[in-house]
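What follows is one structure encoded as structure tokens, with my remarks underneath.
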């Protein structure tokens with residue numbers, strides 16, 4: 001058997017990612033992936049047992065990419081509010097660029113129930129951790145205090161998920177900012193007091 | 001062929017619902033459902049082609065039940081804030097009583113991608129409509145104004161979904177109220193001002 005090369009593996013995952021990203025799972029065939037990667041079906045199967053294994057590998061990669069993206073964006077921001085906006089914007093942008101990613105995550109979640117690994121877990125755990133860390137830093141810096149951090153974090157990330165899935169497209173300008181401001185000062189904040197309230201955040 | 005009776009159909013769905021509610025999808029066999037309903041496998045198959053058809057029927061029923069529950073709870077409440085708390089509490093309670101419902105919904109969503117009906121759609125559409133109607137009534141009554149109702153509604157329902165899925169169990173007391181208050185006046189509201197702000201909502 002010939003040696004496996006990371007380069008070739010990467011190339012095939014790239015091709016599979018492209019196809020899973022533009023078609024639904026059941027429409028993608030292993031031979032399409034081989035053609036897209038310009039390798040033979042035999043080569044493809046030498047690296048990946050089946051479509052299931054490929055999509056789990058793609059999901060693990062996407063999960064890791066999102067975490068890197070979140071960290072990079074958060075590091076660039078200057079206040080806790082801006083860090084939360086960076087998180088919201090990074091998540092919306094990431095999923096908008098990968099319209100079928102939700103399907104893959106759901107498929108992986110169901111497969112997890114049947115004992116398979118859940119490669120999206122990294123993004124989930126670390127995403128939650130990043131938001132909680134921003135809350136803690138905001139409190140320490142005297143910027144704002146989130147009274148129930150765990151629940152608030154779930155409300156923010158769960159809400160973002162729903163906006164990504166069901167919100168209008170194309171996205172309204174300033175969407176991430178509006179979401180975070182609504183989250184921090186309340187959806188029912190009187191309009192004329194918004195800027196005043198935000199000044200205190 | 002003998003006549004099909006609604007009573008028997010109901011009885012089998014009840015049994016299937018119980019099994020799907022306590023076990024994972026792939027662990028439930030048609031013969032377990034037949035045994036639970038005290039009918040023969042032949043009778044079961046006369047009503048339902050396969051497990052897939054049964055779980056879609058169960059999901060349609062659960063979807064309808066949730067909508068009825070939401071409407072009943074909302075009708076009992078006296079203010080718009082209380083109506084939102086009723087919605088939040090009804091959703092949390094409904095899913096907590098059916099721990100495997102999420103799995104079934106996800107499975108149905110994936111099946112939808114393959115052209116099957118999505119029986120959870122009713123709960124989704126009507127749940128969103130109920131929340132938007134509460135926002136509109138709150139505005140009309142001069143209680144509070146949600147400046148971006150569509151986004152806010154998605155943030156509330158998506159956030160609730162995440163709390164149901166990943167929030168601590170047993171649920172903290174007053175969870176639905178805390179979620180709605182955080183949603184209305186903001187997660188970063190200074191604690192000492194919370195009651196004051198809520199008085200204005």
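Per residue of A:159-171, other chain Cβ atoms within 10 Å of the residue Cβ number 5 on average.
Rounded to the nearest 10 degrees, the inclination of helix B:175-185 to the longest alpha-carbon principal axis of chain B is 40 degrees. Label positions at residue B:132 and residue A:49, each projected 7 Å from the Cα along the C-beta direction, are separated by 4.6 nm.
Helical runs (DSSP H, four residues minimum) scored at -39500 (n - 2.57) apiece and divided by the length of chain B put the mean residue ellipticity at 222 nm at -23000 deg cm²/dmol. Per-residue mean of foreign Cβ neighbours for A:99-111 is 2 (Cβ atoms of other chains, 10 Å radius).
For residue A:64, the point set 7 Å out from Cα toward Cβ sits 4.9 nm from its twins in the other copies, listed from shortest up. Overall shape: oblate for the protein assembly as shown, with the ratio a/c of the largest to smallest alpha carbon gyration tensor axis at 1.5 or above and b/c at least equal to a/b. In this assembly of identical copies, the label point of residue B:53 (Cα plus 7 Å along Cα-to-Cβ) is separated from its counterparts by 3.7 nm, sorted shortest first. Distances from residue B:150 to itself in the other copies, using label points 7 Å out along the Cα-Cβ axis, amount to 3.5 nm in increasing order.
Principal-axis analysis of the Cα atoms of chain B puts helix B:101-113 at an angle of about 80° to the longest axis.
Each value in this text was obtained by applying a stated rule to the coordinates, not by laboratory testing. Quantities reported herein were computed from a predicted structural model and do not represent experimental measurements. Note that we place each Cβ from the backbone using ideal geometry, even for glycine, and neighbour counts take in every protein chain shown.
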